[in-house]
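First up is the structure itself, then whatever we jot down about it.
The values are calculated or read from the model by the stated rules, or taken from the named source; none is laboratory data. Note that the structure is predicted; figures quoted are calculated from it, not measured. So basically every Cβ, Gly included, is an ideal-geometry build from the backbone, and we count neighbours across all protein chains shown. Ligands, DNA and RNA are excluded from the accessible area calculation, which covers all protein heavy atoms including side chains. Shrake-Rupley method; radii C 1.70, N 1.55, O 1.52, S 1.80 Å.
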Amino acid sequence: MVEFFQDQGLTPDLLRRQYLEQITLLRKLFLEQDFSEKLIKLRHNKPPEKNGGFLALESPHALQIQGELMERGVFTDARDNILRIGPAPYTTTMQIEECIRRLSESVNKVQ
């Protein structure tokens, strides 16, 4: 796997910049949905640089939302009340936009 990343020129710095751009976009699109904080909210309001490779969301329905997203082909991680959305080097902007659209559908379904 390391060899593949090296062959593709995917250095740690490049990957970190890409993840930061993707997390920033995920966060922006999430906030544009203007969800009720009773349903789902950002886990913290720190700058995107502090998110690592995931956007962490808090919801009392995190496990149900994760299940709904899985049915819609969106792979996420949920533990207790935390839903984590993590892009990858091969994730496109269109996929991130679709992820948030499907998240919105899933959150609206749990209301």
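General remarks:
Listed here are the residues, each with its yes/no results for (1) within 25 Å of LEU15 (Cα to Cα); (2) at pLDDT below 95.
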site	(1), (2)
GLU49	yes, yes
GLY53	yes, yes
PRO60	no, no
ALA78	yes, no
ILE96	yes, no
LEU103	yes, no
VAL110	no, yes
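- Test: ALA78 is touching a helix residue (DSSP H, G or I) at 6+ places or on another chain (Cβ under 7 Å), small (Gly, Ala, Ser) and without any contact (Cβ under 8 Å) to a residue 60 or more places away in the chain: yes
- Hits in the range 3-18 - residues which are open to solvent by 100 Å² or more (accessible area, probe 1.4 Å), part of a helix (DSSP H, G or I) and not basic (Lys, Arg): GLU3, PHE4, GLN6, ASP7, PRO12, ASP13
- For GLY9, the conditions (1) out of contact with any helix residue (DSSP H, G or I) (no Cβ under 9 Å at 6 or more places or on another chain); (2) closer than 19 Å to ILE100 by Cα all hold with the exception of (2).
- For the range 40-75, residues that are within 14 Å of VAL107 (Cα to Cα) and free of Cβ contacts under 8 Å to residues at least 40 places away in the same chain total 14.
- Matching entry among GLY86, GLY73 (being at pLDDT below 95 and on the phi > 0 side of the Ramachandran plot): GLY73
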